[in-house]
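A.B. asks: This is the structure I want to talk about, given as structure tokens.
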């Protein structure tokens, strides 16, 4: 009985600690994600394990972990990947300053507004930076906040080798087949992993547009959370 009580208290302390890390709506969304882990196919879990191994090795050496998520236009899937990898690190109480997440494309376009809306529906605070956006034609910048205490980070479309992204010693996670084919070698990457997702662009201007974007957002979120959940710090 004492053991059961102790486990309950420890779980409560962990949950309470995590609850302080994120905005309330985002926290609720994140708490639902571990329930999806059992639905992840084994072959995808094997890929996700490779990402986890990269993070674990760097973290154990007290080194900065750089993750760059890459798709063709850096407008949808790669932006989701960047955001949810960062959120997962915060949720699982890793040192957020040691885990830096980035995104890029084989070409620069813009972070799609539908991507932003899906993140907002999930509880992420995303706001367009009007002053900067006015100076960047058709490629606005967005400020992303996860909680009152976490420093904001920024979304905009860029090539994966943009000066604001790491140039060496990073894990390149390619999330679309076109980028996988276009980048057989990602220069500067310590590790290159292809882990594809279906493009939600297929639903643009369709009746089920929001549903498809939410599904893609949720899938990428759950898999990024799986990565951090299996790392023993």
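Since every read-out is calculated from the coordinates, none of them should be taken as a lab result. These numbers were taken from a predicted model, which means no experiment stands behind them. Ideal geometry is used to build each Cβ from the backbone, glycine not excepted, and the neighbour counts take in all protein chains shown.
A.B. asks: Sort 41-49, 98-106 for me by packing, meaning the mean count of neighbouring Cβ atoms within 10 Å per residue, highest on top.
C.D. replies: 98-106, 41-49
A.B. asks: Which of rounded, prolate, oblate describes region 101-221, given a ≥ b ≥ c as roots of the alpha-carbon gyration tensor eigenvalues and a/c under 1.5 marking rounded, otherwise prolate only if a/b is larger than b/c?
C.D. replies: Because a/c hits 1.5 or more and a/b fails to exceed b/c, region 101-221 counts as oblate.
A.B. asks: Which order do 60, 75 fall in if you start with the one that has the fewest other Cβ atoms within 10 Å?
C.D. replies: Ordered by Cβ neighbours within 10 Å, fewest first: 60, 75.
A.B. asks: Measure nothing fancy, just the Cα-based angle from helix 77-91's long axis to the longest principal axis of the chain, in degrees from 0 to 90, nearest 10.
C.D. replies: Its long axis makes an angle of about 20 degrees.
A.B. asks: On to the next question. Would you kindly state how much longer the chain becomes between residue 31 and residue 181 on full extension, computed as 0.36 nm times their sequence separation minus their alpha carbon distance, in nm to one decimal?
C.D. replies: Here the segment from residue 31 to residue 181 would lengthen by 50.5 nm.
A.B. asks: If each DSSP helix of 4+ residues adds -39,500 (n - 2.57) and the sum is divided by the residues in the chain, what number results at 222 nm, nearest 500 deg cm²/dmol?
C.D. replies: Mean residue ellipticity, 222 nm, calculated: -13500 deg cm²/dmol.
A.B. asks: Between 58, 35, 50, find the one with the highest GNM mean-square fluctuation for the chain; connect C-alpha pairs within less than 10 Å.
C.D. replies: Sorting by GNM fluctuation, first place goes to 35.
A.B. asks: Still on this structure, I have one more. What is the diffusion coefficient of the chain in µm²/s, taking the Kirkwood radius over Cα pairs and the Stokes-Einstein relation at 37 °C with a viscosity of 0.692 mPa s?
C.D. replies: 181 µm²/s
A.B. asks: Does region 175-233 come out rounded, prolate or oblate by the C-alpha gyration tensor, with a ≥ b ≥ c the root eigenvalues, rounded set by a/c under 1.5 and, if not, prolate when a/b is larger than b/c and oblate if not?
C.D. replies: oblate
A.B. asks: Here's something else I'd like to know. Which order results if 121, 76, 202 are arranged by neighbouring Cβ count within 10 Å, fewest first?
C.D. replies: Ranked by crowding around the Cβ, least crowded first: 202, 121, 76.
A.B. asks: Considering only DSSP beta bridges with both partners in the chain, what is the antiparallel share in %, to the nearest 5?
C.D. replies: Close to 30 percent.
A.B. asks: Can you tell me what share of the DSSP beta bridges in region 96-219 is antiparallel? A percent to the nearest 5 is fine.
C.D. replies: 55 percent
A.B. asks: Now a separate question. Under the definition of Cα pairs under 8 Å and six or more residues apart, what whole-number percent is the relative contact order of region 77-137?
C.D. replies: Here the relative contact order equals 30 percent.
A.B. asks: Follow-up question, since we're still on this one. To the nearest 0.05, what FRET efficiency results for residue 45 and residue 159 with a Förster distance of 30 Å applied to their C-beta separation?
C.D. replies: My answer for the efficiency is 0.50.
A.B. asks: I'd like the distance between the alpha-carbon centres of region 168-189 and region 52-105, rounded to an integer number of Å.
C.D. replies: The two parts, judged by their Cα centres, are 14 Å apart.
A.B. asks: Now for a different question. Over the chain, what is the relative contact order in whole percent, taking alpha-carbon pairs under 8 Å and six or more residues apart?
C.D. replies: The normalised contact order for the chain reaches 27 percent.
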